[in-house]
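The values are calculated or read from the model by the stated rules, or taken from the named source; none is laboratory data. Keep in mind that what you see is a predicted model, and the values were worked out from it rather than measured. Reconstructed Cβ throughout: ideal geometry from the backbone, glycine too, with neighbour counts over all protein chains shown. Protein only, heavy atoms only, side chains kept; ligands, DNA and RNA dropped before computing areas. Shrake-Rupley method; radii C 1.70, N 1.55, O 1.52, S 1.80 Å.
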Amino acid sequence: MKTRLILVRHAEAEGNKTRHFHGWTDSPITERGRLQAKCVAERLKGTDIDVLYSSSLKRTLQTAEYISAVKGLPIIRTDKLKEINGGDWEGLTWGELQKGWPDAYETWENTPHRHQMPNGESMEEFQARLVDEVTHIIRQNKGKNICIVTHGTAIRALICHFRACSLEEMINVAWCDNTAI
């Protein structure tokens, strides 16, 4: 009995478009994002999916709604699949982050395994939260094809875990585009 995990990054959201950090900031998808979500749903149309999970943020739920409509599946929402909690970084532009927190910005870019969001989560805390939730989801759905709609940093942290590599190697895990599978 094989369990299959399909990870999907959310469609383009307002924060992606305006280049603002939006970890827990609840921004909706853009017009382009709606087109991307429609396309990813069509791409998954012929893929066996038994259960559909999503982060509880608008950008993931709106993306999951397109998949739900094509697959005829309910969306199981969970806060534990949310993006990293950016704390004081929430809503700021990437330029503001680089100027206001040069040391923290440098760790985000070059040594993310050491990163601690100011008044938010560390990368280790974030990965532990995700791994706990995904492990729970897998245990609840043994032998099923599980689709999870989540976030870019979340996917990178999960890839490290599933490849059995340390967070130090996260720098080598490529960013996936919006609606990448």
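Does Thr150 satisfy being in contact with a Leu (Cβ under 9 Å, 6 or more places away or on another chain) and either among the small types (Gly, Ala, Ser) or modelled with pLDDT of 95 or more (or both)? Taking the combined requirement at face value, the residue satisfies it. Kindly indicate whether Asn145 is touching an Asp or Glu at 6+ places or on another chain (Cβ under 6 Å), in contact (Cβ under 8 Å) with a residue 12 or more places away in the chain, loosely packed, with under 15 Cβ neighbours inside 10 Å and not acidic (Asp, Glu). Spelling it out, it is not the case that Asn145 is touching an Asp or Glu at 6+ places or on another chain (Cβ under 6 Å), in contact (Cβ under 8 Å) with a residue 12 or more places away in the chain, loosely packed, with under 15 Cβ neighbours inside 10 Å and not acidic (Asp, Glu). Close contacts from the stretch 42-53, counting a first residue that is touching a residue at least 12 places away in the same chain (Cβ under 8 Å) and a second that is of a type in the set (D, E, K, R), with Cβ to Cβ under 6 Å and a gap of 6+ residues or different chains, come to Ile49/Lys71; Asp50/Lys144; Val51/Lys144. Screening Met123 on (1) farther than 21 Å from Phe162 by Cα; (2) open to solvent by less than 20 Å² (accessible area, probe 1.4 Å); (3) in contact with a His (Cβ under 9 Å, 6 or more places away or on another chain) shows it passes everything except condition (1).
From the list Thr111, Thr150, the one residue that fits, being hydroxyl-bearing (Ser, Thr, Tyr) and buried (at least 16 other Cβ atoms within 10 Å of the Cβ), is Thr150.
Screening Phe21 against (1) touching a Gly at 6+ places or on another chain (Cβ under 9 Å); (2) under 15 Å from Asn178 (Cβ atoms) leaves a single unmet condition, (2). Hey, any hits in the stretch 164-175 for a residue that's more than 17 Å from the chain's Cα centre (by Cα), of a type in the set (D, E, K, R) and over 24 Å from Gly86 (Cα atoms)? Looking through the stretch 164-175, none of the residues is more than 17 Å from the chain's Cα centre (by Cα), of a type in the set (D, E, K, R) and over 24 Å from Gly86 (Cα atoms).
Here's a check for you: in the stretch 30-75, which residue that is polar (S, T, N, Q) and assigned to a loop (DSSP other than H, G, I, E, B) is nearest to Thr179 (Cα to Cα)? Reasoning before the result, please.
Quick first cut of the stretch 30-75, residues polar (S, T, N, Q) only: 30, 36, 47, 54-56, 60, 62-63, 68.
With assigned to a loop (DSSP other than H, G, I, E, B) added as a condition, the list becomes 30, 47, 56.
Working: Thr30: 13, Thr47: 15, Ser56: 16 Å.
Checking each candidate, the answer is Thr30.
Just to check your reading of the model, which residue among Glu14, Glu42, Glu65 is of a type outside the set (S, T, N, Q), at pLDDT below 95 and open to solvent by 70 Å² or more (accessible area, probe 1.4 Å)? Exactly one of Glu14, Glu42, Glu65 is of a type outside the set (S, T, N, Q), at pLDDT below 95 and open to solvent by 70 Å² or more (accessible area, probe 1.4 Å), namely Glu14.
Here Ile137, Ile84 are screened, and the one residue that is assigned to a loop (DSSP other than H, G, I, E, B), under 15 Å from His161 (Cβ atoms), open to solvent by less than 50 Å² (accessible area, probe 1.4 Å) and modelled with pLDDT of 95 or more is Ile84.
Please specify each residue of the stretch 87-106 satisfying the condition of being within 20 Å of the chain's Cα centre (by Cα), surrounded by fewer than 17 Cβ atoms within 10 Å (Cβ to Cβ) and part of a helix (DSSP H, G or I). Talk me through it step by step, then tell me what you get.
Within the stretch 87-106, the first condition is being within 20 Å of the chain's Cα centre (by Cα), and the residues that meet it are 87-94, 105.
Within this subset, residues satisfying the condition of being surrounded by fewer than 17 Cβ atoms within 10 Å (Cβ to Cβ) are 87-88, 91, 93-94.
Hits for the stretch 87-106 are Gly87, Asp88, Trp94.
Among the residues of the stretch 143-163, is there at least one that is within 13 Å of Leu7 (Cα to Cα), aromatic (Phe, Trp, Tyr) and outside any strand (DSSP E or B)? Yes, that holds for at least one residue.
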